[in-house]
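The values are calculated or read from the model by the stated rules, or taken from the named source; none is laboratory data. This is a predicted model, so every value here is computed, not measured. Reconstructed Cβ throughout: ideal geometry from the backbone, glycine too, with neighbour counts over all protein chains shown.
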Amino acid sequence: MVVGETMRKILLVNDCKLESIIMKDKLINMGYEVEISNEYGVFSKVNKFNPEVVIVNFVMKEITGDKLIEKIKIKNHNIVCILSSCDRINLKDFKGKGVDEVINTPIEEKELSMLINKAILKYQVKDADSEDNRIDHKENNKIEHNNVVAILKKVILFCPYCGGKLKNGSNSFVFCPYCGEKI
């Protein structure tokens, strides 16, 4: 995180306190503001904390994470929702359920940062793309690639690996000035 930049808020939803504490420590080390909830208190936490991202564990006591994400998206479709599991899960298995990304735990901080930033970026591109849907379907196929590139140039204002804020967007950098990764 860059000094003066507002911290992104992440809500962790997990019925296992140990897993929540481990993930919370990683996210705090990465510069996020983090709150923890279980499946029963998630909606009051979302209302009070107003997170940008919610990371939900897949297996909980009375509901699965994908079903909880569907309910979260109904109440607040602007939240980026990430499904986490220690079992191997794939994003395509949850298509149409509001899941923006999946995290397979345990996970290293660098990969976690990349996946969170990727989910936020995909959500922003999807949101920007829905505003541009006024274009005719025939024309859309011809200029789709150019639109995606233009949107990405506007949207990518941070390193997808470390989350460092890039002053002029990523199109002016080949490597991140903070972590050195190729952008």
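One line per residue, one yes/no per condition, for (1) more than 17 Å from I79 (Cα to Cα); (2) modelled with pLDDT of 95 or more; (3) surrounded by fewer than 14 Cβ atoms within 10 Å (Cβ to Cβ):
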position: V2; (1), (2), (3): yes, no, yes
position: L11; (1), (2), (3): no, yes, no
position: E19; (1), (2), (3): yes, no, no
position: K24; (1), (2), (3): yes, yes, no
position: M30; (1), (2), (3): yes, no, no
position: E35; (1), (2), (3): no, yes, no
position: E39; (1), (2), (3): no, no, no
position: V53; (1), (2), (3): no, yes, no
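Condition check ((1) of a type outside the set (K, R); (2) part of a loop (DSSP other than H, G, I, E, B)) across all residues:
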site	(1), (2)
D15	yes, yes
K26	no, no
K48	no, no
D66	yes, no
E70	yes, no
I89	yes, yes
G96	yes, yes
I107	yes, yes
Can you pull out every residue in the stretch 23-54 that is without any contact (Cβ under 8 Å) to a residue 60 or more places away in the chain and among the hydrophobic types (A, V, I, L, M, F, W, C)? I28, V34, I36, V42, F43, V46, F49, V54
Close pairs from the stretch 96-111: first closer than 14 Å to I55 by Cα, partner of a type in the set (S, T, N, Q) and part of a strand (DSSP E or B), Cβ under 8 Å, at least 6 apart: V102/S84; V102/S85; I103/S84; I103/S85; N104/S84; N104/S85; T105/S84; T105/S85
Against the definition (over 23 Å from V34 (Cβ atoms) and modelled with pLDDT under 55), how does K182 come out, yes or no? no
Which of the residues that make up the stretch 78-87 are of a type outside the set (V, I, T) and either assigned to a strand (DSSP E or B) or farther than 25 Å from L18 by Cβ (or both)? N78, C81, L83, S84, S85
Scanning the stretch 24-38 for residues that are within 21 Å of K71 (Cβ to Cβ) and out of contact with any helix residue (DSSP H, G or I) (no Cβ under 6 Å at 6 or more places or on another chain) gives N38
